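For reference, the structure discussed in these notes is given below.
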Amino acid sequence: MTTDLPIPEAVNLTPFQALMIPVALVGAVFLSLGAQYQSRGVQRVEARLGRQSKGLSVRHVVGLLTSGWWVLGTLMLGLAVVLQLISITNAPLIVVQPLGAVALVITTWFSSRSTGVPLGQQARRAVWTCIVGVGIFVAIAAVVGRESAISRQQLVTILVVLAVVLVVVLVSFRFAAKRASALYYIVGAGVLYGFVATLAKVVLNRFLSGTFDWLTAIAVVGVIGAAALGGYFVQNAYSSGSADLVIAGLTVIDPIVAVGIGVIVLGEAAGAPWIAVLGFLVAAVIAITGVFLLAKHHPQTRS
């Protein structure tokens, strides 16, 4: 039994793959709404049980399960995940994954309206800096994006890097939990979710092709572990930062990690001219700069 996916050696973006772009955009809407409701649920549970300095306790996590707002947000995030999985299964990661940044605009507007706290000029500039950076990234990816067969060695490489990342995240949390800010949790969750998206794409394609082996089973465990830890980090980020700051970090860092894996390991930008690679780097720097600016200037950010 072959362990490679029966995908053509290299294909440019097809009309069907282009159809995955609106699917990803609808998913971004559910992502935005889900984040808002989950954030509201976390804040209400903390108001009832008190805020923890070392991250949410088991008591807080159990309390979230009884929060109507949090459960509603989780259901909407579930829909967002389903739509995201459909899009990344049928189109290159570097094209559809960054489109989640649309959720940042929706979340920022919704958050400002629901809390009555207007964004200042610097915070609005930070939001648009994120959007511009991701927009440039997607525009380049739509031109140079391509898919190739995913080999056994490529999957092993992703799993090894994920194992290292999990160790680093867990060790850093042990020592940084008391002083951790929203940005720390956002970066950790964004990195983990980037691996979740990549491995989910690999696993789904292997299921669809009938190629399931022990390595795929390990990948499933990796998806579950990274998603669980990333979800815990997200809830802690809601505890110390606004929903739109959390979405800003996730919709920038998550796709940059996923796209980085897609480009470096999976070869989704193989053969791209140097000007496109330079454009990727510039766009990533712009988007990440926007996240840090939003963390600094957002009126709802609490250290």
Computed helical MRE - 222 nm, the chain, DSSP H runs ≥ 4 contributing -39500 (n - 2.57), nearest 500: -27000 deg cm²/dmol
Rounded Å value of the spacing that divides the Cα centres of segment 60-120 and segment 203-227: 24
Between helix 102-115 and the chain: long-axis angle, C-alpha atoms, 0 to 90°, nearest 10: 10
In Å², nearest 10: area of Arg152 left accessible to a 1.4 Å probe: 80
Accessible area per residue, Å², the chain with all protein chains present, probe 1.4 Å: 44
Structure-derived Rg and Dmax of the Cα atoms in Å: which label, when the choices are [x] 21.3, 71; [y] 18.7, 59; [z] 23.0, 98: [y]
Protection proxy ranking, peptides 20-33, 57-70, 276-289, average beta carbon neighbours within 10 Å, highest first: 20-33, 276-289, 57-70
Fraction of accessible area attributable to carbon and sulfur, the chain (%, probe 1.4 Å): 71
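When you count, for each residue, the other Cβ atoms within 10 Å and take the mean per peptide, how do 237-244, 220-227 rank with the highest first?
237-244, 220-227
The values are calculated or read from the model by the stated rules, or taken from the named source; none is laboratory data. Quick caveat: nothing in here was measured; it's all calculated off a predicted structure. As a convention, Cβ positions derive from the backbone with ideal geometry for all residues, glycine included, and neighbour counts pool all protein chains shown. Accessible surface is based on the protein model in full, side chains and every heavy atom, while ligands, DNA and RNA are left aside. Shrake-Rupley method; radii C 1.70, N 1.55, O 1.52, S 1.80 Å.
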